[in-house]
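Undergrad: Here it is, the structure in full.
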Amino acid sequence: MQPEAIKNVAVIGAGSWGTALAQASAVAGRRVTLVCRDPEQVAEINTRHTNSRALGALPLDAGLVAALALPADVDLAILAVPAQQSAAALGVHGRMLGGLPVVLSAKGLEAGTLRRQSEILLDLVPTATPLVLSGPSFAEDVAAGRPTAVTLASPDGAMADAVAAALAGPGLRLYAAGDMIGVELAGGLKNVYALACGAVEGAGLGASARAALIARAFAEMARLVVALGGNAGTLTGLAGLGDLTLSCTSAQSRNYATGLALGRGEILVEGRRPLAEGVFTAPVAQAIARRQGVDVPLIDAVVLLLSGRAAIADIVSGLMSRPLKRED
Ligand SMILES: NC(=O)C1=CN([C@@H]2O[C@H](COP(=O)(O)OP(=O)(O)OC[C@H]3O[C@@H](n4cnc5c(N)ncnc54)[C@H](O)[C@@H]3O)[C@@H](O)[C@H]2O)C=CC1
Ligand SMILES: O=C(CO)COP(=O)(O)O
């Protein structure tokens, strides 16, 4: 496929990330339909050119329209609902996606089934071509056109090149890559580690502890990626090091902010906080690691923290008192 053949893009999911990706695609010259669930949101986007629920007063590109369903002439779809909602959204829209390239942009693993986003897509729409978009990219930055770079991974290299070229614009640079498993895992796992890093800050444990945590998270993530057939080298790129750095050091990350609250001793009340994908992905990552026989002490620590069954001081002292081991 040539990039010029990708004229019409549909984005499923009108939250902050879906709206930001729709905006970037429109700025890149595509005709974009943002698929919403709420008729009032459709009316707001089409008349006032804002999506206030997702991105406040930010003016949206005139090439972006909203609708309740996908149009018939779509060349490329982007799925941008929370990771636990991808199967439900594909249940509604999947029959329109047969044979199409589908960019998966949620960062998370599915509870219960332990599926990655590409596995969900291929189970529900076997003829679609999956591409995974991940990397350091806050929706607010992408929507405002600030410089952002991400990875776009697919086993179909020619398709990844074409879609990267079609979606690239003045503020968004996409690097095509082949290791979809590594990129998917990196995107899901960084949210778990961002929770941990936020908790370290919230508990006042210091910048040295946070840096050590990031480095050990990187090593843990590499073990899991390799065990699942991915490439550890992928983690040196945007979806690995790039996103881990961003999400583990910035309170703008909702996962980091949630960790901060936990570290301060606050109790999480479901539905009362912004989406923090790591909360759902942590137990899934732990189950996958157990299945593969991979040691993941940091993921275990986050699962314990989220369970509310142990204080952060006890969790940290448990991590620090493990037998010493070699780094190399
Ligand atoms: N916000 C960000 O900066 C970034 C978010 N992401 C990822 O994008 C995914 C979505 O996150 P956000 O847009 O930030 O969340 P959000 O909470 O802002 O929006 C989620 C949207 O999905 C819609 N939705 C939920 N279930 C649905 C369903 N079954 N069918 C159709 N629509 C449904 C909701 O109505 C809402 O509009 C997450 O996996 C997140 O990790 C990735 C990169 C950046
Ligand atoms: O994935 C993101 C940045 O790359 C967004 O992070 P949060 O979901 O933690 O806000």
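The values are calculated or read from the model by the stated rules, or taken from the named source; none is laboratory data. Quantities reported herein were computed from a predicted structural model and do not represent experimental measurements. Cβ sites come from the backbone with ideal geometry, for glycine too, and all protein chains shown count toward neighbours.
Undergrad: Could you check the range 277-301 and list, in sequence order, the residues that are within 16 Å of ligand 1 (Cβ to nearest atom) and touching a Phe, Trp or Tyr at 6+ places or on another chain (Cβ under 9 Å)?
TA: 278
Undergrad: So which residues in the range 251-297 are basic (Lys, Arg), touching a residue at least 24 places away in the same chain (Cβ under 8 Å) and part of a loop (DSSP other than H, G, I, E, B), if there are any at all?
TA: Here is the first cut: in the range 251-297, the residues basic (Lys, Arg) are 254, 264, 272-273, 290-291.
Still in the running and touching a residue at least 24 places away in the same chain (Cβ under 8 Å): 264, 291.
Listed by number, the list holds a single entry, 264.
Undergrad: Could you please let me know if residue 24 is within 24 Å of residue 170 (Cβ to Cβ), among the hydrophobic types (A, V, I, L, M, F, W, C) and within 16 Å of ligand 2 (Cβ to nearest atom)? Give the steps one after another, and end with the answer.
TA: On the way: within 24 Å of residue 170 (Cβ to Cβ): yes; among the hydrophobic types (A, V, I, L, M, F, W, C): yes; within 16 Å of ligand 2 (Cβ to nearest atom): yes.
It is true that residue 24 is within 24 Å of residue 170 (Cβ to Cβ), among the hydrophobic types (A, V, I, L, M, F, W, C) and within 16 Å of ligand 2 (Cβ to nearest atom).
Undergrad: Would you mind stating whether residue 153 is over 23 Å from residue 31 (Cβ atoms) and in the same structural domain as residue 313 (by TED's automatic domain parsing)?
TA: On the way: over 23 Å from residue 31 (Cβ atoms): yes; in the same structural domain as residue 313 (by TED's automatic domain parsing): no.
Criteria not met by residue 153.
Undergrad: Right, next: With respect to the numbered conditions (1) in a loop (DSSP other than H, G, I, E, B); (2) within 16 Å of the chain's Cα centre (by Cα); (3) closer than 22 Å to residue 245 by Cβ, which one is the sole condition not fulfilled by residue 142?
TA: It fails just one condition, (1).
Undergrad: Scan the range 160-186 for residues that are in a strand (DSSP E or B) and hydrophobic (A, V, I, L, M, F, W, C) and jot them down. Walk me through how you get there before you give the answer.
TA: Initial filter on the range 160-186 (in a strand (DSSP E or B)): 172-177.
Once the filter is applied, which keeps residues that are in a strand (DSSP E or B) and hydrophobic (A, V, I, L, M, F, W, C), the range 160-186 yields 172, 174, 176, 177.
Residues are listed down the side, and each one gets a yes or a no for (1) part of a loop (DSSP other than H, G, I, E, B); (2) crowded, with 17+ Cβ neighbours inside 10 Å; (3) more than 15 Å from ligand 2 (Cβ to nearest atom); (4) among the hydroxyl-bearing types (Ser, Thr, Tyr):
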{"site": "122", "(1), (2), (3), (4)": "no, no, yes, no"}
{"site": "131", "(1), (2), (3), (4)": "no, yes, yes, no"}
{"site": "136", "(1), (2), (3), (4)": "yes, yes, no, no"}
{"site": "151", "(1), (2), (3), (4)": "no, yes, no, yes"}
{"site": "158", "(1), (2), (3), (4)": "no, no, yes, no"}
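Undergrad: From (1) more than 15 Å from the chain's Cα centre (by Cα); (2) assigned by TED's automatic domain parsing to the domain that holds residue 10, pick out the condition that doesn't hold for residue 200.
TA: (2)
Undergrad: From (1) in contact (Cβ under 8 Å) with a residue 24 or more places away in the chain; (2) in contact with a Leu (Cβ under 7 Å, 6 or more places away or on another chain); (3) surrounded by fewer than 24 Cβ atoms within 10 Å (Cβ to Cβ), pick out the condition that doesn't hold for residue 174.
TA: Result: residue 174 passes all but (3).
Undergrad: Also: Return the residues of the range 163-193 that are closer than 12 Å to residue 221 by Cβ and of a type in the set (Gly, Ala, Ser); say none if nothing qualifies.
TA: 182, 186, 187, 188
Undergrad: Tell me, which residue of the range 202-252 that is within 16 Å of ligand 2 (Cβ to nearest atom) and touching a Pro at 6+ places or on another chain (Cβ under 8 Å) is nearest to residue 327 (Cα to Cα)?
TA: 245
Undergrad: Right, next: Return the residue satisfying two criteria in turn: it lies in the range 77-115 and is charged (D, E, K, R) and touching a residue at least 60 places away in the same chain (Cβ under 8 Å), and of such residues it is farthest from ligand 2 (Cβ to nearest atom).
TA: Step one: of the range 77-115, the residues charged (D, E, K, R) are 95, 107, 110, 115.
Right, trim to touching a residue at least 60 places away in the same chain (Cβ under 8 Å) and you get 107, 110.
Details: 107: 5, 110: 17 Å.
Only one residue fits best here, namely 110.
Undergrad: Consider residue 136 carefully, then state whether it is assigned by TED's automatic domain parsing to the domain that holds residue 11 and over 15 Å from the mean Cα position of the chain (by Cα).
TA: On the way: assigned by TED's automatic domain parsing to the domain that holds residue 11: yes; over 15 Å from the mean Cα position of the chain (by Cα): no.
Judged against the criteria, residue 136 is not a match.
Undergrad: Select from the range 259-292 the residues that are over 20 Å from residue 310 (Cα atoms) and either within 17 Å of the chain's Cα centre (by Cα) or more than 16 Å from ligand 2 (Cβ to nearest atom) (or both) and list them in ascending order. Spell out the reasoning first.
TA: So the first thing to find is which residues in the range 259-292 are over 20 Å from residue 310 (Cα atoms), and the list is 271-277, 288-292.
Result: 271, 272, 274, 275, 276, 277, 288, 289, 290, 291, 292.
Undergrad: Scanning for something within 12 Å of ligand 1 (Cβ to nearest atom), in contact with a Gly (Cβ under 9 Å, 6 or more places away or on another chain) and outside any loop (DSSP other than H, G, I, E, B), does the range 60-80 turn up at least one residue?
TA: So in the range 60-80, the residues within 12 Å of ligand 1 (Cβ to nearest atom) come out as 66, 68-70, 78-80.
Okay, now just the ones that are also in contact with a Gly (Cβ under 9 Å, 6 or more places away or on another chain), so 78-80.
With outside any loop (DSSP other than H, G, I, E, B) added as a condition, the list becomes 78-79.
Taking every residue of the range 60-80 in turn, at least one turns out to be within 12 Å of ligand 1 (Cβ to nearest atom), in contact with a Gly (Cβ under 9 Å, 6 or more places away or on another chain) and outside any loop (DSSP other than H, G, I, E, B).
Undergrad: Another one. Out of the residues in the range 12-54 meeting the condition of being of a type in the set (D, E, K, R) and near ligand 1 (Cβ under 9 Å from one of its atoms), tell me which one is surrounded by the most Cβ atoms within 10 Å (Cβ to Cβ). Break it down into steps so the answer makes sense when it comes.
TA: Initially, the range 12-54 is screened for residues of a type in the set (D, E, K, R), giving 30-31, 37-38, 40, 44, 48, 53.
Still in the list and also near ligand 1 (Cβ under 9 Å from one of its atoms): 37-38, 53.
Values: 37: 13, 38: 12, 53: 15.
Only one residue fits best here, namely 53.
Undergrad: Considering 106, 111, which residue is within 29 Å of residue 72 (Cβ to Cβ), hydrophobic (A, V, I, L, M, F, W, C) and in contact with a helix residue (DSSP H, G or I) (Cβ under 7 Å, 6 or more places away or on another chain)?
TA: Values: 111 fails: within 29 Å of residue 72 (Cβ to Cβ).
Just a single option satisfies the conditions, and that option is 106.
Undergrad: Of these, 56, 13, which one is under 26 Å from residue 159 (Cβ atoms) and modelled with pLDDT of 95 or more?
TA: Details: 56 fails: under 26 Å from residue 159 (Cβ atoms).
Of the residues listed, the single one that is under 26 Å from residue 159 (Cβ atoms) and modelled with pLDDT of 95 or more is 13.
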